[in-house]
Every structure is written in C-alpha cells, then in structure tokens.
Amino acid sequence: MRICVVGTGYVGLVAGACFSDSGNHVTCLDVDAKKISSLKEGKVPIFEPGLDEIIHRNVKARRLSFTTDAETAIGPAKVLFIAVGTPSSEDGSLDLKFVLGAAKTIKEHLHGSAVVVLKSTVPVGTADKVRDIFKGFKHTIDIVSNPEFLKEGTAIDDFLRPERVVIGTDTENGKRVMGELYAPYLRSGNPIFFMSNRSAELAKYAANSFLAMKISFINDLAMLSEKTNADIREVRNVLVTDSRIGKKFLYPGCGYGGSCFPKDVKALIKLGKDFDHPLEIFEATEKVNEIQKKVIFNKMTKHFGKSLRNKTFAIWGLAFKPMTDDMREAPSVDLINLLLDAGAHVRTYDPVAMEEAKKIFANRIEYFNDAYETVKGCDALALMTEWNEFRSPDFDMIKKDLKTPVIFDGRNLYEPQTLRAHGFQYYCIGTRTAE
Ligand code: NAD
C-alpha cells in the first residue's frame, strides 16, 4: 500500500519504519526540517532500540523516505496516518491544533480517495472534527481511529507483535484497508477489534489511565507504609501473587512521567468534566502523582535539614524510564528544578538522555559521561531511572567518592540491608530505612 505518515516522532517514525518493513511504500512527512534532514542523512533522531536498522534497511530498499514536502508525501497516498503530537493545553484539555492542522494539510494536497487514520491519542469526538474538515471534499475519505499502544524502549516489538489492534471506523472500506494493513502483525492470533471511532478514542485513554492509576495506587500505599512502619515490598509481594491483581505497574517509585500518562490522565479528567461526569478516581491518580514527584526532594530536605543551598547532588538517570531518551514529564526534571530552586548544584548522568537534558537545562547543571565521575565530591546520590547498569554498581567506589555516604533511591533498586552493610544511609520508597 502507498502510505503517508504525518509526524515523525516516537510513534510516526516507528509506524512508518515498520509498515515499510512489511512491504508498503511509506513516506514520512514532518514540518521539522532539521529532523527530516538528519533522517535523510541516515541519522535517527530518537533513541529506540532496533529502529535504526529497520530504517536503514527500508530506505536502502526504497520503500521508506522522508520529506518536508506535503505534496510529494500526501498527493499519491492511499492511507494517511496522522501521528503528530497532542500536547496538553493550560486547562488540561488537549491542544488539537497539530492534529487538525495535519488533516487540513492532507485535504489540501490529496489527489484521490483515501483512508485517513488518527494514530495520535485524541479525545472522544476528534474523528468527527476531522470528518468535518473533509466535508465537501471531492474524493471519498474514510476516517479511522487507530490509537497506538507501543511503549518507548520496546516500540518495535510492540508494533510488530501488538497484543491487540484497535480500529474505530464506521465504513466497510476503512475496516477492509486496516485489516489488510495489520494482517502481517496479527499472524500469531492476537485480535483486531473493530468498533466505533468514539469507543476507539476512549479505549486508549482508558488503558493509559488505568496503568497510571496502578502506579499512583502503589505509591500512595508506599507512603502509608513509611508512616506506619510497614514495608511496601512485603505488601507488594502479597498483592502481586493475586492473579486478579497482577504483577505489572505495581512498583513504588518517584512518580510516573513520559509523554503519555500525565497528558492522557489530564485529558480524560477534562473529558469527564466536559460530559458532566467528573472522574474522581483519575483526579486522585493525578494528585498522588504530583505529590510523589516531590518525594525524593522531601527526603533530601529532611535528611540535610532546612537548606540544600550549596549542597551538590549526583543524579543517575534522567529519562522518564529506561531504554528511552525521552525526558518529557520525567520525575528527574521535577527533582532537578526543585534542587536548583533550593540553591543546590546538580551533576547528572544518563546512558542515552544527555542530549535531551541539555535542551532542558543548558548550563544550569553539569553533565558527565561516566556514572562514577558524576558522584565525585557530591553530598548524596539520587537514582531516578532504573537503567540496568545502575542495578549492581560498585558501592565501595561510590562511597569513596561521595562527600557523605547517602543514597536516595527513587526506584527501589537496592536492598536496604546491602546498602547498610556498605555503610550508606539509604532512602527508598515505602520502606523506612534511614531517618
Ligand atoms: P512527538 O512529539 O515525538 O512527534 C510528533 C511529530 O509531529 C514532531 O516531529 C512534529 O514536528 C510533527 N508535526 C507536528 N505537526 C505536524 C504537521 N502539521 N505536519 C507534519 N508533522 C507535524 O510525538 P509522539 O511521542 O510520537 O506522539 C505522537 C502521538 O502519539 C501523541 O498523540 C501521543 O500521545 C501518541 N502516543 C505516543 C506514544 C509514545 O510512547 N510516545 C505512545 C502511544 C501514543
């Protein structure tokens, strides 16, 4: 099929690359000229394991190309994916200007009948708004809602082997085309669900908000565990062995971040308000997360006394989760801002997110290429992303290089007894370890 993907971010680039890898001809269109020229030079602008290889293979086979020229990309396409960003606006609603802008661009340049697919995460009713844009258009347009469930860090595998594919459409042609397009990825028998556009739009928010709710649930209990001198790790063991509850997304930590959960929970809350059904469960989810993002800073303040002025902190891990360079809404960003506001100095290390960090903090913090260099002369180390390389570090080396042997662990990576045995004061989440 001849496909155009509008927006070459984490979702659009992965979708474009994977669709081309199964034999389709894909043109990726973006308004960001810098991004497109680096893609044309063979440089992949995001860190996503396995993506480079797929892109290079398909560019070489002439099935995948990149452009800023809407006419070339859109004109001959038969399926057009809108995969542009959907940032939150001030009131928590989604700013749909990129999505609606992309739809208008498609209308302007499209030569014939086509399927227009909303891959961006959008509120209920957005497909109708896009349909309105095409009213009176001279060719037939099927509007499909196809929310994306990939996870950064495992995006390729998620895309090639999705647990399910969701297709919202009210046309037979929309169903047929999407069924054909996704067939190669569903050979193991995973389902494709056809439904209304509105159900598809809501299903995506339901899934993400539920996962965010699980995180806030365990974090809230973790804080109660600290107050009551219980241990959240022991409580968690009981929860996760109940098959009705399940094991995933129940790790206490310093809050959820990323480009999806915070934004999607906010958007669902706003949707509830708009439809006169306040979603208190997700209002609480968000509120707990806001508190949780400050939990490491509060522990630092409690440990060091009133002022953190002129204290120096090493931070390991900046990305919002491992295996990505994405720092959007990362808990590390909240912590660093709080530390800078308090007059502290910050030294940082992340295996892949340093370039992203420089875009956010410029020269307000220090950057190191080596985890151990980062801790030299610091008053404490804080761990904010659970990268594998932080799991079994050389604690003796850390202790030698820190001014005082204190570790704040925002991801509960270490065993309190081990850290105590190494002579650290160790703070983690949900377990009273050091006072
Ligand atoms: P992103 O910010 O990484 O990329 C969006 C891209 O769209 C940018 O490169 C931007 O320049 C481009 N763009 C904006 N307007 C354009 C236009 N009119 N024409 C062409 N290009 C345009 O965003 P992302 O993380 O890929 O997310 C895209 C959507 O997918 C969002 O709605 C997001 O919620 C959803 N989503 C994201 C993930 C994820 O893990 N990142 C997962 C599932 C769903």
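Annotation: of all residues in region 119-172 being of a type in the set (Gly, Ala, Ser) and surrounded by fewer than 17 Cβ atoms within 10 Å (Cβ to Cβ), the one that is nearest to the ligand (Cβ to nearest atom) is 125. Condition first: of a type in the set (A, V, I, L, M, F, W, C) and within 15 Å of the ligand (Cβ to nearest atom). Now tell me which residues in region 109-118 satisfy that. Answer for region 109-118, where residues must be of a type in the set (A, V, I, L, M, F, W, C) and within 15 Å of the ligand (Cβ to nearest atom): 110, 116, 117, 118.
Checked against (1) at pLDDT 95 or above; (2) within 23 Å of residue 321 (Cα to Cα), residue 23 meets all criteria but (2). Hey, does region 178-195 have a residue that's aromatic (Phe, Trp, Tyr), surrounded by 15 or more Cβ atoms within 10 Å (Cβ to Cβ), more than 15 Å from the ligand (Cβ to nearest atom) and closer than 22 Å to residue 54 by Cα? Looking for residues that are aromatic (Phe, Trp, Tyr), surrounded by 15 or more Cβ atoms within 10 Å (Cβ to Cβ), more than 15 Å from the ligand (Cβ to nearest atom) and closer than 22 Å to residue 54 by Cα, one finds at least one in region 178-195, hence yes. I'd like the full set of residues that are in contact (Cβ under 8 Å) with a residue 12 or more places away in the chain and of a type in the set (Gly, Ala, Ser), limited to region 284-309. Listed by number, the residues that qualify are 284, 307. Taking the stated definitions as given, is residue 89 among the polar types (S, T, N, Q), within 30 Å of residue 272 (Cα to Cα) and free of Cβ contacts under 8 Å to residues at least 60 places away in the same chain? Yes, satisfied. Residue 203 - would you say it is more than 29 Å from residue 116 (Cβ to Cβ), assigned to a helix (DSSP H, G or I) and in contact with a strand residue (DSSP E or B) (Cβ under 9 Å, 6 or more places away or on another chain)? Taking the combined requirement at face value, the residue does not satisfy it. Put simply, of 273, 266, 287 the only residue that is in a helix (DSSP H, G or I) and touching an Asp or Glu at 6+ places or on another chain (Cβ under 7 Å) is 266.
Tell me, please, whether a residue that is within 12 Å of the ligand (Cβ to nearest atom), surrounded by 16 or more Cβ atoms within 10 Å (Cβ to Cβ) and hydroxyl-bearing (Ser, Thr, Tyr) can be found in region 17-32. Yes: region 17-32 contains one or more residues that are within 12 Å of the ligand (Cβ to nearest atom), surrounded by 16 or more Cβ atoms within 10 Å (Cβ to Cβ) and hydroxyl-bearing (Ser, Thr, Tyr). Filtered by the rule that a residue be over 19 Å from residue 80 (Cβ atoms) and touching a strand residue (DSSP E or B) at 6+ places or on another chain (Cβ under 9 Å), region 39-55 gives 40, 54, 55.
Being within 16 Å of the ligand (Cβ to nearest atom), of a type in the set (A, V, I, L, M, F, W, C) and part of a strand (DSSP E or B) is not true of residue 106. Here are 239, 211: which of them is within 30 Å of residue 381 (Cβ to Cβ) and more than 16 Å from the ligand (Cβ to nearest atom)? That would be 239, the only listed residue that is within 30 Å of residue 381 (Cβ to Cβ) and more than 16 Å from the ligand (Cβ to nearest atom). Just checking, which of 6, 11 is under 19 Å from residue 177 (Cβ atoms) and among the β-branched types (Val, Ile, Thr)? Exactly one of 6, 11 is under 19 Å from residue 177 (Cβ atoms) and among the β-branched types (Val, Ile, Thr), namely 6.
Does residue 249 qualify as being closer than 21 Å to residue 430 by Cβ, surrounded by fewer than 18 Cβ atoms within 10 Å (Cβ to Cβ) and not polar (S, T, N, Q)? Considered against the rule, which asks whether it is closer than 21 Å to residue 430 by Cβ, surrounded by fewer than 18 Cβ atoms within 10 Å (Cβ to Cβ) and not polar (S, T, N, Q), residue 249 comes out as yes. Based on this model, can you work out whether residue 79 counts as farther than 26 Å from residue 132 by Cβ, more than 12 Å from the ligand (Cβ to nearest atom), in contact (Cβ under 8 Å) with a residue 24 or more places away in the chain and buried (at least 18 other Cβ atoms within 10 Å of the Cβ)? For residue 79, the condition - farther than 26 Å from residue 132 by Cβ, more than 12 Å from the ligand (Cβ to nearest atom), in contact (Cβ under 8 Å) with a residue 24 or more places away in the chain and buried (at least 18 other Cβ atoms within 10 Å of the Cβ) - is not met.
In the set (1) more than 28 Å from the chain's Cα centre (by Cα); (2) within 26 Å of residue 228 (Cα to Cα), residue 409 fails one condition alone, (1).
At least 3 residues being of a type in the set (A, V, I, L, M, F, W, C) and buried (at least 17 other Cβ atoms within 10 Å of the Cβ) is the threshold, and among the strands (runs of 3 or more DSSP E) wholly inside region 359-435 those reaching it are 380-383, 406-409.
In this structure, residue 234 does not satisfy being surrounded by fewer than 21 Cβ atoms within 10 Å (Cβ to Cβ), more than 24 Å from residue 120 (Cα to Cα), under 24 Å from the mean Cα position of the chain (by Cα) and of a type outside the set (Lys, Arg).
The residues of region 90-100 that are surrounded by 14 or more Cβ atoms within 10 Å (Cβ to Cβ) and out of contact with any strand residue (DSSP E or B) (no Cβ under 9 Å at 6 or more places or on another chain), listed by number, are 92, 93, 96, 100.
The values are calculated or read from the model by the stated rules, or taken from the named source; none is laboratory data. Worth saying up front: this structure is predicted, and the values here are computed from it rather than measured. Here Cβ is always computed from backbone atoms with ideal geometry, including for glycine, and neighbour counts include all displayed protein chains.
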